[in-house]
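Here the structure comes first, spelled out in structure tokens, and everything after it is commentary.
Throughout, read-outs are computed from the coordinates displayed, never taken from laboratory work. What you are looking at is a predicted structure, and each value in this text was computed from that prediction instead of being measured. With ideal geometry, Cβ positions are generated from the backbone for all residues, glycine too; neighbour counts draw on all protein chains shown.
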Amino acid sequence: MQRKLTAILSADVVGYSGLMEADEAGTLARLKANRRDIFDRLVARHGGRVFKLMGDGALVEFSSAVAAVSCAMAIQEATEAAERDRPEGKRIRYRIGLNLGEVIVEGEDIYGEGVNVAARLQALAPVAGVAVSQSLHDQVKGKAPLDFADMGEQTLKNIEAPVRIFSVRRSDGEVPTVESPSRLSICVLPFANMSGDAEQEYFSDGISEDIITDLSKVSALSVISRNSAFMYKGKHVDLPKVARDLKVSHVLEGSVRKSGGRVRITAQLIDAATNGHVWAERYDRDLTDIFALQDEISQAIVGALKLKLLPEEKKAIERRGTSNPEAYQLYLMARQYRDTGNSGSKRAADLSIRLCRRAIEIEPNYAQAWALLALLLANSKLYFETSREDGSAEAERALALDPNLAEAHAAKARVLNRNARYQEALVEIERALALDPDCYEANREAAIWRTAQHDYLKAIDYFERAASLVDSDYYAAGMVIAIYQAAGDLEGAKRAARRALDRIEKLLANEPDHGSALSFGVNALLVLGEDERAKEWIDRALLLDPDNINMRYNLACALINQGADKEAGLDLLEALAGRAQLEAVNWWKVDPDMDAVREHPRFKAMLAAAEARLAEA
């Protein structure tokens, strides 16, 4: 057991539950942006290390007490300045506590009284303020331009001796303005579908996403993520307000009209400071020119911003997974069905698989299509037992074609996770996240990996990130409910349940027989105390989608974990045990939903029987 003396920073968002209830998607997006642009950046600048994220909070270690308090003040000042245009009750604000004390180090995690004191101080800190212990105060006093106000000795929960606490402020009392961005920044709003056909939405979304991807390859330009930009999809937006909210210098908006073999794209670039047009253009082209057109738009934006496009950046923009417009459209359609159903619908999964296979027939070297096919096959084998293919060959093909494709590494990780090859899976997950931190599949697999290791706090963080990346996602949004419960955060579980239920109800309005969504909804309803409605949904799910293996397992999880009817849950599980594949049994062994029956004789017997059957096979 390793011990050391270190400075610990504990931060927590003030009134997080209320902010989430008022505007869940907006709050998550703003908190993510704050962490990326302010919190994580300033922690790194001051030599700190975030060792634990907890939804709306974080724990950070510093080797220097002066660096710790300087970082805390910088975070508060930058956050306050970034939020000053928002109404008082809607601002993101932190309480921060700091302590210098002895801690216990286990791998990447840190425990002990030194951490506990910092967390207790954080709860006592002023809103948007910083509270420090006397041990840290004594190390910092006179070494930084700070004033300390003595808050007296306080008795802290589960801490034996009272602790003297001080609040902190700058000696000059001034709050510096947020530093101006060192480079130009842009938000690409989702292009409007003007085709007169809602089915063409996949195409306009695909164009928007590809322009975001292209511009992200320009080193001199900061580009807002797809997730943050698509929050404004289908909404009438005030462009200057969008720019202020996202802190960008420019906004790009446009529309797409596809008809037959022709496509019309209009685009305009707005300067956020003046609300004036920097550049605007309309393109009428044959669909066969779509890739050249995307290159032309991206390069026109770079030119309008007077940026220098490096030769390797130009090559990166022009390098695409396929040069075949038909294969490209099929891939976009496959991705739309995958996103809409999260692959929990057999109908959506089968359509996505068929479209991917057709895209690959047309363009055999299309790495993105191979990666998506791998993910879909891995899910279908586990969820529907319709194929012996697990996606491993397809993932390897995608990696051979493009070793820098995050989705391909995530697909391989999915296969390895399901086969309990966790150390190998971790290598692929880390590579995928390094290539694209905003990859939904990579964050989802990271969450599953952390769950299998019983590292629930980090699993929550990855599931939350995945849920925020796709606003229609119900899988990560639903899975994280049980992880909050496993971590002992019942309020977090209820908050997650409300979000998941909202997404599921929207999906069921269009697909009332979506069994997987219904099963996740049952769990959410039970967490929220809506037992009668949950029973109705169980009957509905079993009636409308009786062959959905994933749905039946999820219903069993809900009944067992929420204590609604453990025996009925075991009945559902027992009906699956005789046919469960290795991937499913591997998950039963680590799923926290099964902890409530882990020692139950029926569960132990069915697990042993399933393992014996699989070993014999």
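Some points to look at:
- Of all beta bridges that DSSP places with both ends in the chain, some 85 percent have antiparallel geometry.
- Candidate lysines for bridging to LYS217, where Cα separation is under 30 Å - those fewer than 8 sequence places away on the same chain excluded: LYS32, LYS233, LYS235, LYS241, LYS247, LYS258, LYS306, LYS308, LYS314, LYS315, LYS412, LYS458
- Counting neighbouring Cβ atoms within 10 Å and putting the fewest first, the residues ASP284, ASP473 line up as ASP284, ASP473.
- Set of lysines near LYS143 by C-alpha distance (under 27 Å), chain-local residues within fewer than 8 positions excluded: LYS4
- Loop sites in the range 552-611: GluC sites (Glu not before Pro), DSSP, at most 14 other Cβ within 10 Å: GLU599
- Calculated [222 nm] ellipticity per residue, helices only, for the chain: -17000 deg cm²/dmol; basis is -39500 (n - 2.57) per DSSP H run with n ≥ 4, divided by all residues, nearest 500.
- Anchor LYS589: aspartates and glutamates whose Cα lies under 13 Å away (excluding residues fewer than 8 positions away in-chain): GLU599, GLU611
- The dipole here belongs to the chain: it is taken about the Cα centre, uses +1 on the Cβ of Lys and Arg and -1 on the Cβ of Asp and Glu, and is about 900 debye.
- Dipole magnitude for the range 43-142: about 380 debye, using +1 per Lys or Arg Cβ and -1 per Asp or Glu Cβ, origin at the Cα centre.
- Exposure proxy order (Cβ contacts within 10 Å, fewest to most) of ILE38, ILE96: ILE38, ILE96
- Global dimensions of the chain from alpha-carbon coordinates: Rg and Dmax equal 25.7, 76 Å.
- Shown here for the range 1-104: trypsin sites (Lys or Arg not before Pro) in loop regions (DSSP other than H, G, I, E, B) with at most 15 other Cβ atoms within 10 Å, namely ARG84.
- A simple packing score, the average count of other Cβ atoms within 10 Å per residue, orders the peptides 109-120, 396-407, 135-146, 154-165 as 109-120, 396-407, 135-146, 154-165, with the highest score first.
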